[in-house]
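The block underneath contains the structure these notes are about, expressed in structure tokens.
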Amino acid sequence: MHTQHCYAGTFFKHPSRFAIFVMLVSSSLLASLMPAWSAISGDDLDRCVDTIAHQGKVGRLGVSVLDFERGTKYLYHGNEHFPMQSVFKLPLAVVVLQLVDSGNLSLAQKLSIKREDLSVLYSPLAERFSGSEETFTVSDLIEKVVQESDNTACDVLLRLVGGPEHVTTALKRHGIEGISVDRYERQLQPSILGLPPIDPGQTIDRLKWQKEKQHATGPRARKAFAYYLNDDQRDSSTPDAMLSFLHKLYLCELLTPASTRYLLDVMAGTQTGSHRLREALSPGCIIAHKTGTGPDLNGINSATNDVGIVTLPTGRHFAIAVFLSGSSLTEPERDSVIRNVCNCVVTHIE
């Protein structure tokens, strides 16, 4: 492991984040000496999460937590597969940064994005796009992918690393099983609703596609949606596998110290999902996280997720992953479910 090297010379763009990260990596020295994660012993925590999970219309809830100081793990449906949606953009960012670490790519390298590169659903880049071509640095695109969850930037970076399968392969190379990245956004999002995937390089009429999406409510859409929720393990993760990923990222096992510092700083600036994990934390906390939100069909949501590393004002810190699938709650209510789970965890850890 690179733990000691990771700790040396750590810095962030924001001084407060630097102080938190020093605590994070200092404590990882202790965590790295522990032979294995033991189960969190706390009936109160399990009752708290179980009560949330069994509220009406919640759907399927998966939770996993690593308490770094105590060396304990908590799992709730931790080995079940859940749709990741945009959470997969975090492993994608790691694979891009591995190319930077190997010298095959630079954060300052410029990439041209053309109109035929624009993707579907959520993409501020596409909405602001003007003309036939715009230029962005690799760093620009990483920040758009992680902080804004931009689908166009995501598909461009996926193509840059060699395709979705290269992300899964890279994770397995680091001993991370249970996370599968399989499709570009322009393939994944239509397939959820039974619409034909959009080939790479095909120019998308985004307004026309949105109308097609709105009208995809019939038997074909319902069948595809049910398969995505219940049987399709592509583009999915188990909560436990996501913890493994976050833990290895935290220990600088996936990236060099410089790239780890950069990515955690980017994650701390995430703009999406502000009413999920982040809102459960007091102002003195820092969370480096990534959200994921999938489309609805006939009042059922495909996925509402949030995963990250939390540092409390006391210096205690933990990794947490919350996945919610098949819920018929409204988005604010789903956000509240994730927030309440985090409240349970913080109360237990403090």
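The values are calculated or read from the model by the stated rules, or taken from the named source; none is laboratory data. Since this is a predicted model, take the numbers as computed values, not measurements. Note that we place each Cβ from the backbone using ideal geometry, even for glycine, and neighbour counts take in every protein chain shown.
Sort out which residues of the range 211-223 are part of a helix (DSSP H, G or I) and touching a residue at least 40 places away in the same chain (Cβ under 8 Å), and write them in order of number.
Once the filter is applied, which keeps residues that are part of a helix (DSSP H, G or I) and touching a residue at least 40 places away in the same chain (Cβ under 8 Å), the range 211-223 yields 213, 221, 222.
Go through the range 311-350 and give me each residue that's over 15 Å from residue 49 (Cα atoms), surrounded by 22 or more Cβ atoms within 10 Å (Cβ to Cβ) and at pLDDT 95 or above.
Once the filter is applied, which keeps residues that are over 15 Å from residue 49 (Cα atoms), surrounded by 22 or more Cβ atoms within 10 Å (Cβ to Cβ) and at pLDDT 95 or above, the range 311-350 yields 319, 325, 327.
With respect to residue 241, determine if the residue is modelled with pLDDT of 95 or more, over 17 Å from residue 307 (Cβ atoms) and hydrophobic (A, V, I, L, M, F, W, C).
no
Looking at residue 216 and the list (1) modelled with pLDDT of 95 or more; (2) over 15 Å from the mean Cα position of the chain (by Cα), which single condition is not satisfied?
So the condition that residue 216 fails would be (1).
Do we find that residue 232 is part of a loop (DSSP other than H, G, I, E, B), at pLDDT 95 or above and either within 23 Å of residue 324 (Cα to Cα) or among the aliphatic types (A, V, I, L, M) (or both) in this structure?
Against the criterion (part of a loop (DSSP other than H, G, I, E, B), at pLDDT 95 or above and either within 23 Å of residue 324 (Cα to Cα) or among the aliphatic types (A, V, I, L, M) (or both)), residue 232 qualifies.
Can residue 160 be described as hydrophobic (A, V, I, L, M, F, W, C) and either touching a Ser or Thr at 6+ places or on another chain (Cβ under 7 Å) or over 30 Å from residue 244 (Cα atoms) (or both)?
no
What residue, of 284, 273, is modelled with pLDDT under 95 and either under 13 Å from the mean Cα position of the chain (by Cα) or closer than 17 Å to residue 318 by Cα (or both)?
Exactly one residue qualifies, and that residue is 284.
Specify which of the listed residues (249, 255) is part of a helix (DSSP H, G or I), crowded, with 20+ Cβ neighbours inside 10 Å and within 21 Å of the chain's Cα centre (by Cα).
249
Restricting the first residue to the range 178-200 and requiring it to be touching a residue at least 12 places away in the same chain (Cβ under 8 Å) and not assigned by TED's automatic domain parsing to the domain that holds residue 246, which pairs with a second residue that is in a loop (DSSP other than H, G, I, E, B) and of a type in the set (D, E, K, R) meet a Cβ separation below 6 Å and a spacing of at least six or different chains?
180/234; 182/234; 182/235; 183/235; 188/235
If residue 95 meets every condition in (1) touching a strand residue (DSSP E or B) at 6+ places or on another chain (Cβ under 7 Å); (2) crowded, with 16+ Cβ neighbours inside 10 Å; (3) modelled with pLDDT of 95 or more; (4) of a type outside the set (Ser, Thr, Tyr) apart from one, which number is that one?
Evaluating residue 95 over (1) touching a strand residue (DSSP E or B) at 6+ places or on another chain (Cβ under 7 Å); (2) crowded, with 16+ Cβ neighbours inside 10 Å; (3) modelled with pLDDT of 95 or more; (4) of a type outside the set (Ser, Thr, Tyr) leaves (1) as the failure.
Taking the range 59-72 as the search range and keeping residues that are surrounded by 18 or more Cβ atoms within 10 Å (Cβ to Cβ) and touching a helix residue (DSSP H, G or I) at 6+ places or on another chain (Cβ under 7 Å), which one is modelled with the lowest pLDDT?
68
Which one of these is more than 22 Å from residue 121 (Cα to Cα), over 18 Å from the mean Cα position of the chain (by Cα) and modelled with pLDDT of 95 or more: 175, 194?
Of the residues listed, the single one that is more than 22 Å from residue 121 (Cα to Cα), over 18 Å from the mean Cα position of the chain (by Cα) and modelled with pLDDT of 95 or more is 175.
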